[in-house]
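Colleague: Below you will find the structure I want to go over with you.
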Amino acid sequence: MTQSTIVSLPQVNIHDNQDKIHIDNQSSFHNSLKNSNAPSKNTISFRNIKYVLGNEFIYDLREFWCVSPLKSKTKPKPILDDITGIFKSGMNAIMGPTGCGKSTLIDVLTGRKDSKGLSGDIFLDGLPISSLFKYISGYVVQDDILCGTLTVTENIMFSLNTRLRTRMSKKERQDRVEEVIEDLGLTECADTRIGTEFIRGVSGGERKRTCIGMELVLQPKILFLDEPTTGLDATTAQKIIELLKRLSKSGRTIILSIHQPRFSIFNLFDQVVLMCKGKIVYNDSPENVLPYFRKQGFERDLNDNPADFLLDILLKANQHGPEGEKKLADLVRHYQRTKIFQHIPFEIDQQIRIASFNMANNKHKIAKKSIFKELYYISKRTVMNTYRNPLLFLSQIVVAVFVGLLIGLVFFNMAKTVDPGIQNRLGAIFMIVSSKILSTVTAIEPLVKERPLFIHEVVSGYYRVPTFFVAKLICDILPLRIVPSIIYSLIVYFMTGLQRTATKFFIFLLTIFLCSLFGSA
C-alpha cells in the first residue's frame with residue numbers, strides 16, 4: 001500500500017461487549033484520549049490495519065505451464081490482524097515475543113511494506129499520510145547501516161545534505177550537525193571513522209547514536225526505531241533509551257519496538273503496546289500494566305522483572321495449538337472491553353474531522369531536491385570511500401599485473417610468420433579479452449556490500465536510484481577500470497609482440513577498456 005492511497009474499511013464494532021475491565025483513568029495516555037477538545041500534534045493513528053504475506057506470485061507463475069494451479073489448503077495467517085491504535089507525542093514502546101508483528105507494524109506505518117496484502121487506514125494528525133511522510137519522519141533500522149569509511153560527522157552531514165528540503169547555508173548546516181553531535185554525546189568520536197571489517201572504528205553504542213543522529217539532524221516530527229537496544233550491553237541500552245526520553249520531551253513522537261527491556265528502561269515509556277500474533281492485547285501506560293493483568297488472574301513474583309513477566313504471558317498465548325489460541329483470544333477479548341480501546345475510534349474520527357476542517361493549513365509543503373546536488377554529494381562520498389579503501393584499488397592493480405604477465409609469458413614475442421603467427425595471435429586475442437572480462441568479477445563485491453546501504457537510503461529519501469548509479473559509474477567503476485586496463489594493455493601488448501604503432505595500440509587499449517566495462521556491467 002503506497003501511503004498516498006488509503007483504503008477505507010469499516011470501523012471495529014465497539015458496542016458488542018457489555019462487560020468492561022476498567023483501567024486507571026489517571027494514566028497519562030488515558031487522559032490524552034479524554035482531552036478531545038485539543039488533539040495533540042504529531043499523532044500517528046491507524047485503523048483496521050491488516051497485513052497478510054501470501055504466496056500468490058508462485059501460484060500465478062504456474063499458470064504459464066500446462067499444469068493445474070496449486071491450491072493452498074490453509075489460508076496464510078495475517079502478520080497484522082485488524083489492529084487499531086494511536087501513538088501520541090512521547091515515548092511509545094511496542095513489545096512482544098519474536099514474530100508478533102512489532103517490526104512489521106513499524107514498517108507499515110513508515111510505508112516500507114508493499115501494498116499487496118495490506119489494507120487499512122493510517123493518519124498523521126487526522127490526515128491520510130502520503131509519500132511525503134518520509135521527509136517529516138525518521139526511521140532508525142535495527143541494523144546499523146552506515147558508510148564505514150566516513151567519520152561520524154561526515155555520515156550525519158551526508159544525511160543532512162541529501163535529505164534537506166529547505167535552504168540552509170553551509171555554516172548553518174555545520175552548526176546543526178555539531179549541535180546534534182553534542183546532544184548525542186558523540187563529540188569525542190566525531191572525527192573517528194565508523195569502521196569496516198578492515199578498519200577499527202567506533203563502538204556499538206556510538207554507531208547506534210550515529211544512526212539516531214542521521215535522523216535527528218533533519219528535526220523529524222516523528223521518530224521510528226526498530227529494536228534500538230539489540231546487540232548493546234545493558235548500560236549502553238539504558239543510555240540510548242534515556243536519550244530518546246529526553247528527545248520525546250520536546251514534543252516529538254517516538255515509536256520504538258523492543259523485545260525484553262530491563263525494569264529501569266520499562267519505566268521510561270509513556271505508552272506500552274503489547275502484541276501477540278499480530279494482535280494488540282494491551283495499550284496503556286506502564287504503570288497500569290501490572291494491575292491490568294492482575295485482574296485477569298496473572299500474579300507476578302516480586303523478584304521478576306515486569307517486562308519478563310509480561311513476555312511470559314505473551315509467550316504462552318503465542319504457542320501453537322488450541323491452548324495458545326484460547327489464551328490469545330482471552331487476552332484480546334479483555335483488551336477490547338477496556339475504555340481505552342473503545343475510545344480510540346472516536347479519537348481517530350475526531351482528528352479526521354478537525355483535520356478536514358483545517359486541511360488547507362495542514363498540508364506539508366516539501367520542496368523538490370536538485371538532482372545535480374544529489375549527484376554532487378553522492379559522487380563526493382564515493383570518491384572519499386574509494387580513496388579511504390586503498391585495498392580495493394590495489395587489488396585491481398595486482399590482478400591486472402598478474403594476469404597480464406601470465407598471458408605475456410605464454411604468448412611472449414609471437415612469431416610474425418603466417419602459419420603459426422595467425423593461429424597464435426587468435427589464441428592470444430581470445431585469452432586477452434576473456435581474461436579481462438573474467439577479471440572484472442571483482443566489481444560485484446563492492447555493490448553487494450553496499451546493497452543494504454543503498455536500499456535503506458533510497459527508501460528513506462536520500463536520493464533517486466538513477467543518481468546513485470550515475471555517480472557510482474563516474475566516480476567508482478570508471479577509475480577502477482581505466483587504470484587497470486592501461487596497465488594490463490601495456491604488459492600484454494608489448495610482451496606478445498603485437499604491432500608497435502600508436503594508432504593500433506590505442507585501438508587495442510580502447511577495446512580492453514570496453515571489455516572491462518561490459519564485464520563489470
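Colleague: Suppose the chain between Asp304 and Lys339 were pulled fully straight at 0.36 nm per residue; how much longer would it get relative to their current alpha carbon spacing? List each step's numbers first, then the result.
Modeller: Values: separation 35, 0.36 × 35 = 12.60 nm, distance 2.84 nm.
Residue separation times 0.36 nm, minus the Cα-Cα distance, leaves 9.8 nm.
Colleague: For the residues Asp349, Asp270, what sequence is obtained by ranking on other C-beta atoms within 10 Å, fewest first?
Modeller: Least crowded to most crowded, the residues run Asp349, Asp270.
Colleague: Right, something else. To make sure I understand, if each residue's beta carbon is the centre and we count other beta carbons within 10 Å, what order do Leu438, Leu478, Leu302 fall in, fewest to most?
Modeller: Leu302, Leu438, Leu478
Colleague: Another question, then. Please go through region 373-478 and write out the trypsin sites (Lys or Arg not before Pro) that DSSP classes as loop and that have at most 12 other C-beta atoms within 10 Å. All intermediate terms of the calculation are to be shown ahead of the outcome.
Modeller: Numbers: sites: Lys373, Lys380, Arg381, Arg388, Lys416, Arg425, Lys436, Lys449, Arg464, Lys472; in loops: Arg388, Lys416, Arg464.
Sparse-neighbourhood loop trypsin sites (Lys or Arg not before Pro): Lys416.
Colleague: Apply the Debye scattering formula to region 371-520, with a single equal point scatterer on each alpha-carbon and no solvent, then give log10 I(q)/I(0) at q = 0.09, 0.16, 0.18 Å⁻¹.
Modeller: Scattering profile of region 371-520, log10 relative to I(0): -0.36, -0.86, -1.01.
Colleague: Kindly express, to the nearest 10 degrees and within the range 0 to 90, the angle between helix 306-317's C-alpha long axis and the longest C-alpha principal axis of the chain.
Modeller: Around 90 degrees separate the two axes.
Colleague: Length gain on complete extension for the stretch Ile444 to Lys295, per 0.36 nm per residue less the alpha carbon to alpha carbon distance? Intermediate results must be reported in sequence, preceding the final value.
Modeller: Numbers: separation 149, 0.36 × 149 = 53.64 nm, distance 5.90 nm.
Taking 0.36 nm per residue and subtracting the Cα distance, the gain is 47.7 nm.
Colleague: State which stretch of the chain is the longest one without any exposed GluC sites (Glu not before Pro), exposure meaning a DSSP loop state and at most 12 other Cβ atoms within 10 Å.
Modeller: Of all site-free stretches, the longest is 300-521.
Colleague: So, one more: Assuming R0 = 30 Å, can you tell me the calculated FRET efficiency for the pair Leu510 and Phe198, based on Cβ-Cβ distance, to the nearest 0.05?
Modeller: Computed FRET efficiency for Leu510 and Phe198 comes out at 0.30.
Colleague: Run through region 93-149 and list the trypsin sites (Lys or Arg not before Pro) located in a DSSP loop whose Cβ has at most 12 other Cβ atoms within 10 Å.
Modeller: Within region 93-149, the qualifying trypsin sites (Lys or Arg not before Pro) (loop, at most 12 other Cβ atoms within 10 Å) are Lys116.
Colleague: OK, next. Using Cβ counts within 10 Å as a stand-in for footprinting exposure, how do Tyr139, Tyr376 rank, fewest first?
Modeller: Taking fewest neighbouring Cβ atoms as first place, the list is Tyr376, Tyr139.
Colleague: Per DSSP helix of 4 or more residues, -39500 (n - 2.57); summed, then divided by the residues of the chain. What does that give at 222 nm, rounded to the nearest 500?
Modeller: Working: 20 runs with 256 residues, N = 521.
Rounded to the nearest 500, the figure is -15500 deg cm²/dmol.
Colleague: Separation between the Leu426 and Ile487 pseudo-spin-labels, each 7 Å from Cα along Cα→Cβ, expressed in nm?
Modeller: The two pseudo-label positions are separated by 3.3 nm.
Colleague: Give Lys221/Lys295; Lys208/Lys295; Lys249/Lys279; Lys77/Lys339; Lys113/Lys316 a once-over and call out the pairs whose C-alpha atoms are over 32 Å from each other.
Modeller: In this structure, Lys221/Lys295; Lys208/Lys295 lie more than 32 Å apart at Cα.
Colleague: Let me ask something else. Rounded, prolate or oblate: pick one for region 120-271, where a ≥ b ≥ c are the square roots of the eigenvalues of its C-alpha gyration tensor, a/c under 1.5 means rounded, and failing that, prolate if a/b is larger than b/c, else oblate.
Modeller: The shape class here is oblate.
Colleague: Can you check what the net charge comes to around Val383, using other residues whose Cβ is under 12 Å from the Cβ of Val383 (Lys, Arg +1; Asp, Glu -1)?
Modeller: +3
Colleague: Karplus couplings for region 227-233 from phi (6.51 cos²θ - 1.76 cosθ + 1.60, θ = phi - 60°), rounded to Hz, Gly and Pro as x?
Modeller: Karplus values, whole Hz, x for Gly and Pro: 6, x, 9, 5, x, 9, 6.
Colleague: When Rg is the radius of gyration of the Cα atoms in region 254-366 and Rh is its Kirkwood radius, what does Rg/Rh come to?
Modeller: Rounded to two decimals, Rg/Rh equals 1.07.
Colleague: Pick out, in residue order, every one of the trypsin sites (Lys or Arg not before Pro) in region 194-293 that is DSSP loop and has at most 13 other C-beta atoms within 10 Å; say none if there are none.
Modeller: On the way: sites: Arg200, Arg207, Lys208, Arg209, Lys221, Lys239, Lys245, Arg246, Lys249, Arg252, Arg262, Lys277, Lys279; in loops: Arg200, Lys221, Lys249, Arg252, Arg262, Lys277.
Filter output for region 194-293: Arg200, Lys249.
Bear in mind that the values in this text are calculations on the coordinates, not laboratory data. Everything numeric here is computed off the predicted structure, so don't read it as measured data. All Cβ positions, glycine included, derive from the backbone under ideal geometry; neighbour counts span all protein chains shown.
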